[in-house]
Amino acid sequence: ARLLGLPFPGGPALERLAAEGDPHAFDFPIAAGVAGLDFSFAGLKTALLYKVRDLGPEETQRRAADLAASYEHAIVTALMTRVERALAEAAEPRLAIGGGVAANRLLRERAAALGVPVHIPPPELCTDNAAMIGSAARWVDPQPFPGYLELDAYATA
């Protein structure tokens, strides 16, 4: 959002701009060839940075809606590729989405079309989880260094 000169918070602003653009105008990477469920948006962010640099300020401004739509499309496709893989491995396929990204219209549409039970809070409840995680941390005993570096989290049914 910052690269396109959009206001904070970037997600809703990017989504509004993307609604006016062509999601196939630019081909951004989704790392579909990477096996498993892990992913990173680092390559995608770099691809947008290079595209904006190559287009220049005037062309970037003129094509901002197409850039936003193509970028949003790549993000949702990358996420849904991993979700579909995970659901294929699940004994009882079902999906819950939370956090700020869950407010995205395109993500909600793609999730609803999966053919499995999907649980997504109303958009007004889909906010950044950082404050919630920080609040929950006050109820947990602190872990001393370096022991906390060996901790890991796993989702369970």
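Normalised by the number of residues in region 70-125, the average gap of Cα pairs under 8 Å and 6 or more apart makes the relative contact order 37 percent. Taking the inverse of the mean 1/r over every pair of distinct Cα atoms in region 5-85 gives a Kirkwood hydrodynamic radius of 13.1 Å.
Please work out how much length the chain gains when fully extended from Glu58 to Ala91, using 0.36 nm per residue of separation minus the C-alpha to C-alpha distance, in nm with one decimal.
Numbers: separation 33, 0.36 × 33 = 11.88 nm, distance 5.10 nm.
Contour length minus Cα-Cα distance gives 6.8 nm.
With coordinates expressed along the principal axes, the C-alpha atoms belonging to the chain extend over 52, 39, 33 Å, beginning with the largest.
Three principal axis extents describe the C-alpha atoms of region 36-81; from largest down they are 39, 16, 7 Å.
The label point for Arg138 and the one for Ala112, both projected 7 Å from the Cα toward the Cβ, are 3.7 nm apart. Using a probe of 1.4 Å on the protein chains alone, the accessible area found for Leu151 is around 110 Å².
Against the longest principal axis of the chain, how steep is helix 42-62, in degrees 0 to 90 to the nearest 10, with axes from Cα atoms? Approximately 30 degrees, to the nearest 10. Against the compact-protein benchmark of 2.2 N^0.38 Å, the Cα-based radius of gyration of region 12-52 scales to 1.35.
Taking every alpha-carbon pair under 8 Å whose residues sit at least 6 apart, region 3-157 reaches a relative contact order of 24 percent. Pair-distance distribution of region 74-146: all C-alpha pairs, bin width 5 Å, starting at 0; shares per bin in whole percent are 3, 14, 21, 19, 15, 11, 10, 6, 1.
Run lengths n ≥ 4 of DSSP H only: what is the helix-derived mean residue ellipticity at 222 nm for the chain, with -39500 (n - 2.57) per run over all residues, to the nearest 500? Please report the intermediate quantities before stating the final value.
Numbers: 5 runs with 72 residues, N = 157.
Value at 222 nm, helices only: -15000 deg cm²/dmol.
The values are calculated or read from the model by the stated rules, or taken from the named source; none is laboratory data. Computed from a predicted model, the values in this text were never measured in an experiment. A quick note on method: Cβ atoms are made from the backbone with ideal geometry, for glycine too, and the neighbour counts reach across all protein chains shown. Protein only, heavy atoms only, side chains kept; ligands, DNA and RNA dropped before computing areas. Shrake-Rupley method; radii C 1.70, N 1.55, O 1.52, S 1.80 Å.
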